[in-house]
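K.L.:
So that we are looking at the same thing, I have put the structure below in C-alpha cells.
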2 protein chains.
Amino acid sequence: MKTIPLILLGCGGVGRQLIQHIVSCRSLHADQGVRLRVLGVSDSKTLLAVSNVSTAELDDGSLLEICRVKSRGSSFTALAGFGEFQVFTDLEVIRKVLDSAMLLGRSAGLALVDCSASSDTLKVLNQVVDLDCCVVLANKKPLTAALEDYDKLVSNPRCVRYESTVGAGLPVIASLNRIISSGDPINNVVGSLSGTLGYVMSEIEEGKPFSEVVKVAKALGYTEPDPRDDLSGMDVARKGLIVARLLGWRINLDNIKIESLYPEEMAPDKMPLEDFLTTGVSSLDESIKERVEKASQNGNVLRYVCVIEGSRCEVGIQELPRNAPLGRLRGSDNVLQVYSRCYKDQPLVIQGAGAGNDTTAAGVLADILDLQDLFP
Amino acid sequence: MKTIPLILLGCGGVGRQLIQHIVSCRSLHADQGVRLRVLGVSDSKTLLAVSNVSTAELDDGSLLEICRVKSRGSSFTALAGFGEFQVFTDLEVIRKVLDSAMLLGRSAGLALVDCSASSDTLKVLNQVVDLDCCVVLANKKPLTAALEDYDKLVSNPRCVRYESTVGAGLPVIASLNRIISSGDPINNVVGSLSGTLGYVMSEIEEGKPFSEVVKVAKALGYTEPDPRDDLSGMDVARKGLIVARLLGWRINLDNIKIESLYPEEMAPDKMPLEDFLTTGVSSLDESIKERVEKASQNGNVLRYVCVIEGSRCEVGIQELPRNAPLGRLRGSDNVLQVYSRCYKDQPLVIQGAGAGNDTTAAGVLADILDLQDLFP
C-alpha cells in the first residue's frame, strides 16, 4: 500500500470539497493500493496539523468537522480541543510546513496541496519543492507570478501538478503534457476558459442586454461577488499564461494582451460596485449589442477566448463561425481546441464543465493520485 | 537522467512511426531528463536485439535502418551484419524477451511495447508483468482476451498503459483514469470510436449510396484491405470492451451486442471479397438509405456508436440528434462523451483524429514517457 502524506492549504469551497472527496474515496483508493494521509489543513490564518507528521494523521472525523466549522464561516479556533491536532498561527504555519517538508520530503514524501486563491503561498511552495516535496495546485497565482518564481516552482516538473488551474477538472494540462512529451509540436491553442464569460457571451447572443445578463449571472452565483473580477479578463489571462508557459513560452502576465469588458474608468478602484451595477454596466449595452449584431450579419458569434499562436498570446472577444466548436458553445462549459502536427485539419477538442467546487476538487484529487509513483 | 529500457514488438506502420518519433525526440526527452534505450525490435517472426541488455542499445542508425528495411517490405534478415545486434527467431524471441525481463525488471526496469496486431503477444506480456516490467500497448487483442488473462495483464495497473488502443492518441484512457481515481462515478459513455465508420456514416447522410461510400473509403485507404473488418463492428467492440473493463465491468467480448453493417451470409468466410464489393454491398444500399431517410424525418442522423450504460454495452447504429456532439461529427474524427457526477448536465467531450500511424505512435510514446517515475 502506497501512502501519500499531504498538507492542504486553503479551506474554502474547493479545499472543503477536496477533504470530502478524500474521505469518501477511502475504500476506492484502498482498492487502488493508495492511502492519503492528511497531516494538516490551513485556512488563510491558521494551520491545524498533527504533532508527529511521520506517523500521525488527521482522522476522518476531524477532517469532516473542519469542513463543517469552515462552511459555517467560523474560524479554526472553534475546533480547539476537538481532535488530536495542534493549532499553528502566523509564522508558525510556515515553520510547521517547512519542518514537515524537511522531515518527509526525502523519505516518506510530502505533497503540499494549494487550494487557496492567495499570492502568499508561492514562497513556501518554492521552498518545499527544494526539499523534494510534490506540489498540487488549484491556485493559479503561484504559476502566474514572475518567470523566475515559476521556473523554481516547476523545476522538477514531474512533482508539480496543476490540472485544476485551467478548466477545473477538465483534462487540459494532462492532455497538453501528453502531446508535448510525444514530440508533437503544438501550433495553436484556442479556448473558452471562463464559465462565467462563456455564459455571458452565449446569453447576449440571444439578444439579451449585456447589463441584464451580468446581473442574472451574479444572482445565479456564476460570477465573483464583484462581476468585474470576471469581466476584466484577468482570470482568463492567468489561465492563458499557465498554458503558454507549459508550451514553453517565456512570458509574464503583462505580455498578454487582455481585453476588458468594461472601460478603465469603471474599474473597481474608480467606481463603487453599486454604481457599476446600476448605471455603469447599462451604459455598455448599446456598444456590445452593435458588436453582436455585426457578428451575426457575418454569420458569426462573439466569444471571449484565449488564443496562443505564433508570437501571440491574447484574451478577448473574437468573432467566430457559429458552427465552429467555440461558436456552438452554450452556457458555462469550457472548451479547448489544440492544433498540432497530429491534430492538423481538425483540432483536438476537450469540452465540459470548467467550473464548480466538485469538479475542481476532483481534478486536484486526480492530480494527487497521479503522483503516487513518486512515493515509496 | 532517467533511462527507460524498452523492447518493441511489432514493426508495422505504428511501430516504425514510434521508432522515428523516439529518434526525433532525443533532444526533447533529454531536456525532460529522460532517455529511451531501445534494446530490441521485433516483427512477427524475428527479434533484433542487443546481446547485453544491461548496457547496450540499438543506436539510432540501426533503428532507422530497421524502419527502412521494414517499410520496403523486406525481412529482418536483410539487416544481417548491419549493426551491433543479434537476430533471434522462433522460440528464441520469447526467451530473449524473458531473459531481458528477468535481468532488468526489478533493477533498471523494462517496458515491453506492443505495437503489433497479434493475439500471440498476450502470453509474453503477462509473463513480463509478473517480472515487474511495464507494458505499453497499441495492440487491442491482449486487453480483449478472456477476463482471467486481462486480470493478469492489468494486475499492476500503474505499470500498464494502453492509450492508443482507443481513439489512437486521443487522451481517452488517461482522462477516464483521472475521473475514476477522483471517485467521480461514470454513468454513461457514448463514443464514435471508428474513423472508418465515422466517415461512412457521415457520407451516407449526404445521400450517397452505402456501396459507393464503402468503395471510396477503401480506395482512400480508410478501411482495412477487406472493408468488412471495419463494417463488422468488431474493432469498435474491442474498444468498447477496453473502456468497459477500465470502468470495472467484468465482461468479455461476447457479452457485447454488436451490430454488423452486413448480414451473416456476406461474412468473409462465406463470400469472397470481390463478390462482396461487386454485388454484396450494393444489395445493402436500399435498406440503409431507408434508415437514413427515416432518421432524417425525425431530425436525426445515424451514427455507429459504442454505448456503455447501466448494464448495457453495445456497438451499432443509433439515431441521434443532428445537433448533439455525435450528430455533428464529420469525417473520420472520433468523439467520446462521458457523463458522471461532475459531468452531469453536459458531458465531458474529447474529440479529434482517432486514427493514423502518427497520432497512434504519439500516444504510445506519451504512455512510455508517463511511466518514467517507475524507473530508477
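K.L.:
Going through region B:233-261 one residue at a time, which ones are crowded, with 21+ Cβ neighbours inside 10 Å and assigned to a loop (DSSP other than H, G, I, E, B)?
P.N.:
B:Gly233, B:Ile256, B:Leu261
K.L.:
Please find, among B:Val190, B:Val172, B:Val166, the residue that is surrounded by fewer than 24 Cβ atoms within 10 Å (Cβ to Cβ) and in contact with a Leu (Cβ under 8 Å, 6 or more places away or on another chain). Before you say what the answer is, go through the steps one by one.
P.N.:
Details: B:Val172 fails: surrounded by fewer than 24 Cβ atoms within 10 Å (Cβ to Cβ); B:Val166 fails: surrounded by fewer than 24 Cβ atoms within 10 Å (Cβ to Cβ).
Only one candidate passes the filter, namely B:Val190.
K.L.:
With the requirement that a residue be surrounded by fewer than 21 Cβ atoms within 10 Å (Cβ to Cβ) and touching a residue at least 60 places away in the same chain (Cβ under 8 Å), what does region A:91-123 give you?
P.N.:
A:Ser107, A:Ala108, A:Ala117, A:Ser118
K.L.:
Right, something else. Are any residues in region A:44-63 touching a helix residue (DSSP H, G or I) at 6+ places or on another chain (Cβ under 6 Å) and closer than 17 Å to A:Gly13 by Cβ, and if so, which ones? Show your work before the answer.
P.N.:
To start, the set of residues in region A:44-63 that are touching a helix residue (DSSP H, G or I) at 6+ places or on another chain (Cβ under 6 Å) comprises A:46-49, A:53, A:60, A:63.
Within region A:44-63, A:Leu63 is the sole residue that qualifies.
K.L.:
How many residues does region A:221-239 hold that are in contact with a helix residue (DSSP H, G or I) (Cβ under 9 Å, 6 or more places away or on another chain) and farther than 16 Å from A:Ala138 by Cα?
P.N.:
12
K.L.:
Looking only at region A:241-259, decide whether some residue is touching a residue at least 60 places away in the same chain (Cβ under 8 Å), among the polar types (S, T, N, Q) and within 14 Å of chain B (Cβ to nearest Cβ).
P.N.:
No, region A:241-259 has no match at all.
K.L.:
Scan region B:249-287 for residues that are within 28 Å of B:Ser164 (Cα to Cα) and either in contact with a strand residue (DSSP E or B) (Cβ under 9 Å, 6 or more places away or on another chain) or of a type in the set (D, E, K, R) (or both) and jot them down.
P.N.:
B:Trp249, B:Arg250, B:Ile251, B:Asp254, B:Asn255, B:Ile256, B:Lys257, B:Ile258, B:Glu259, B:Ser260, B:Leu261
K.L.:
Restricting to region A:1-55, count the residues that are among the polar types (S, T, N, Q), outside any helix (DSSP H, G or I) and within 14 Å of chain B (Cβ to nearest Cβ). Don't jump to the end; show me each part of the working.
P.N.:
As a first pass, look at region A:1-55 and keep what is among the polar types (S, T, N, Q): A:3, A:17, A:20, A:24, A:27, A:32, A:42, A:44, A:46, A:51-52, A:54-55.
Retained after the next criterion (residues that are outside any helix (DSSP H, G or I)): A:3, A:32, A:42, A:44, A:46, A:51-52, A:54-55.
Cutting the leftovers down to within 14 Å of chain B (Cβ to nearest Cβ) gives us A:32.
Residues in region A:1-55 being among the polar types (S, T, N, Q), outside any helix (DSSP H, G or I) and within 14 Å of chain B (Cβ to nearest Cβ): 1 in total.
K.L.:
List the residue pairs whose Cβ atoms are under 6 Å apart, where the first residue sits in region B:302-316 and is within 12 Å of B:Ile256 (Cα to Cα), the second is of a type in the set (D, E, K, R), and the two are 6 or more positions apart or on different chains.
P.N.:
Going by the 6 Å Cβ cut-off, the qualifying pairs are B:Val307/B:Glu314; B:Glu314/B:Lys257; B:Gly316/B:Glu259.
K.L.:
Would you mind telling me which numbered condition in (1) at positive phi; (2) within 23 Å of the chain's Cα centre (by Cα) B:Asp90 fails?
P.N.:
(2)
K.L.:
In region B:321-376, which residues are within 8 Å of chain A (Cβ to nearest Cβ), of a type in the set (A, V, I, L, M, F, W, C) and part of a loop (DSSP other than H, G, I, E, B)?
P.N.:
Hit for region B:321-376 is B:Cys342, nothing else.
K.L.:
Find all pairs meeting these conditions: Cβ atoms under 8 angstrom apart; at least six residues apart or on different chains; first residue within region B:197-226 and under 17 Å from B:Asp333 (Cα atoms); second residue among the basic types (Lys, Arg) and outside any helix (DSSP H, G or I).
P.N.:
Between residues of region B:197-226 that are under 17 Å from B:Asp333 (Cα atoms) and residues that are among the basic types (Lys, Arg) and outside any helix (DSSP H, G or I), the close pairs are B:Gly198/B:Arg303; B:Met201/B:Arg303; B:Ser202/B:Arg330.
K.L.:
Looking at the structure I just gave you, is A:Glu212 over 23 Å from A:Ser311 (Cα atoms), over 17 Å from the mean Cα position of the chain (by Cα) and at pLDDT below 95?
P.N.:
No, not satisfied.
The values are calculated or read from the model by the stated rules, or taken from the named source; none is laboratory data. Values in this document were obtained by computation on a predicted structure and should not be read as measured data. All Cβ positions, even for glycine, are placed from backbone atoms using ideal geometry, and neighbour counts span all protein chains on display.
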